[in-house]
Amino acid sequence: MDILKDISVKKGITCVANLHQVDVALKYSDRIIGLKNGKILFNGPPSKLTPEIVHEIYGAKHGELIVDEEVSITSNKVVA
């Protein structure tokens, strides 16, 4: 992911990735689109993704989905 992010930034191109790891998406994304059953439940910057939205998308508490301990979601922002 570091390499993809670096290339994207240096060349000014868009990179689209399908990620199921919330912590990875939070760390590398400029924009996140969260889908459930084919419907968009979230479309915005990582800083706007809340634990409630993560729960609505995945049906799990956000703490159960975060693997990288350096990345967490607070009620209004991502802390990395």
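Every read-out reported here was derived from the displayed coordinates using simple, explicitly stated rules and does not represent laboratory data. Worth saying up front: this structure is predicted, and the values here are computed from it rather than measured. Neighbour counts are summed over all protein chains in view; Cβ atoms, including those assigned to glycine, are modelled from backbone coordinates with ideal geometry.
For the pair ILE3 and TYR58 in one chain, pulling the backbone fully straight at 0.36 nm per residue adds 17.0 nm over the alpha carbon distance.
Modelled this way, with points 7 Å down the Cα-to-C-beta line, the labels at ALA17 and LEU35 are 1.8 nm from one another.
Relative to the Cα centre, the charge distribution of segment 1-53, modelled as +1 at Lys and Arg Cβ and -1 at Asp and Glu Cβ, gives a dipole magnitude of about 180 debye.
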